[in-house]
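Since every read-out is calculated from the coordinates, none of them should be taken as a lab result. Predicted model, so just to flag it, every value in this text is computed and none were measured. Cβ placement follows ideal geometry from the backbone for every residue including glycine, while neighbour counts extend to all protein chains displayed.
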């Protein structure tokens, strides 16, 4: 099936996919700030950081892969926060997933 790419511009939208597709969420991240994207709702199959440049400490993209295994609708939510802080996420990203039949 297909990889459906979702970026920051699709925050607060509905994404339509088919069972068997993989929803790939790509969000900008600068790990040296301590802020990292993490799932708040939904469980990704994988989570990886891809640096944007070869310089140490540079910005890049956090990539989450969510395989669509059923025909159920779902909401995926990610938060940008520092792991060690108890405060709510500094930023949130949310998409509603609707599976086409």
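In the range 43-52 there is at least one residue that is within 27 Å of residue 1 (Cβ to Cβ), assigned to a strand (DSSP E or B) and touching a helix residue (DSSP H, G or I) at 6+ places or on another chain (Cβ under 9 Å). Being under 23 Å from residue 99 (Cβ atoms), out of contact with any helix residue (DSSP H, G or I) (no Cβ under 6 Å at 6 or more places or on another chain) and part of a loop (DSSP other than H, G, I, E, B) is not true of residue 58. Looking only at residues of the range 48-70 that are touching a residue at least 24 places away in the same chain (Cβ under 8 Å) and more than 20 Å from residue 25 (Cβ to Cβ), we find that the one that is surrounded by the most Cβ atoms within 10 Å (Cβ to Cβ) is 58. Within the range 2-21, being in a loop (DSSP other than H, G, I, E, B) and surrounded by 13 or more Cβ atoms within 10 Å (Cβ to Cβ) holds for 11, 19, 21.
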